[in-house]
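The values are calculated or read from the model by the stated rules, or taken from the named source; none is laboratory data. Note that the structure is a prediction, hence the values are computed from the model and not measured. Every residue, glycine among them, receives a Cβ derived from its backbone with ideal geometry; neighbour counts consider all protein chains shown.
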Amino acid sequence: MGGSKDKDRSSSATDKDEGNEQSPEDFTPDTNFKPVVTLPEVANIITGEEDEEAIYGDRCKLFRFDKTAKQWKERGVGEIKILKHTVEENRFRIIMRRDQIHKVCANHYISKDMRLGPSLGSNKSWVWYTPADYSEGTGNPEQLCARFKTPEIANTFKSVFEE
């Protein structure tokens, strides 16, 4: 009894669809979209890197040594850059921003007495000490460790750092 009504409904629905069928080429949209919120003009972001040229850049994970806990703490993952100042000769700086949030996690100058040391148990990591890292705003002495994806990338970082 109920089955015949369902068949009638489905066949009438397909009959209606067949009469109104349009090809995708014949469709022209007639909807007008207006912005709900007007966006401000794009502002120029000043990063402090305008007078510097990147001579090295690669991804790594950065750690700092916490003296009170006597252990390494992760500072962030992102691209570490070695920048050469274009105005002042022989002035180099390391800067690293964390992925996605772009917070600075390393920001210090490279001095002539800085040395890279190997990290214990890894050929993909280098450790160094900086007397003043400005990533937290004020210059704090930090011991930092950068761990790279491959030993080749780590060795490239070392060669550029020591130049």
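Consider the stretch 81-93 and keep the residues that are without any contact (Cβ under 8 Å) to a residue 40 or more places away in the chain and among the hydrophobic types (A, V, I, L, M, F, W, C). The one that is nearest to ILE153 (Cα to Cα) is LEU83. For ARG98, state whether it is within 17 Å of CYS145 (Cα to Cα) and free of Cβ contacts under 8 Å to residues at least 24 places away in the same chain. So ARG98 fits the description; yes. Counting only residues that are modelled with pLDDT of 75 or more, farther than 18 Å from SER135 by Cβ and outside any loop (DSSP other than H, G, I, E, B), the stretch 12-55 holds 2 of them. One residue stands out among those in the stretch 136-163 that are in contact (Cβ under 8 Å) with a residue 24 or more places away in the chain and among the acidic types (Asp, Glu): the one that is farthest from GLY117 (Cα to Cα), which is GLU142. Across the stretch 82-141, what is the total count of residues that are under 18 Å from ASP51 (Cβ atoms), in a strand (DSSP E or B) and of a type in the set (Lys, Arg)? Here the count works out to 3. Can you tell me which residues in the stretch 140-152 are under 17 Å from ARG97 (Cα atoms) and more than 22 Å from the chain's Cα centre (by Cα)? Within the stretch 140-152, GLU142 is the sole residue that qualifies.
Inspection of the stretch 75-88 identifies no residue that is exposed (fewer than 15 other Cβ atoms within 10 Å of the Cβ) and of a type in the set (Lys, Arg). On the given criteria, is GLY76 of a type in the set (Gly, Ala, Ser) and under 11 Å from the mean Cα position of the chain (by Cα)? Considered against the rule, which asks whether it is of a type in the set (Gly, Ala, Ser) and under 11 Å from the mean Cα position of the chain (by Cα), GLY76 comes out as yes. When the stretch 108-153 is filtered for residues that are surrounded by fewer than 18 Cβ atoms within 10 Å (Cβ to Cβ), within 18 Å of GLY78 (Cβ to Cβ) and among the hydroxyl-bearing types (Ser, Thr, Tyr), the ones remaining, listed by number, are TYR134, THR150.
For the stretch 50-77, the candidate set comprises residues that are touching a Leu at 6+ places or on another chain (Cβ under 8 Å) and among the small types (Gly, Ala, Ser); within that set, the residue that is farthest from GLU163 (Cα to Cα) is GLY76.
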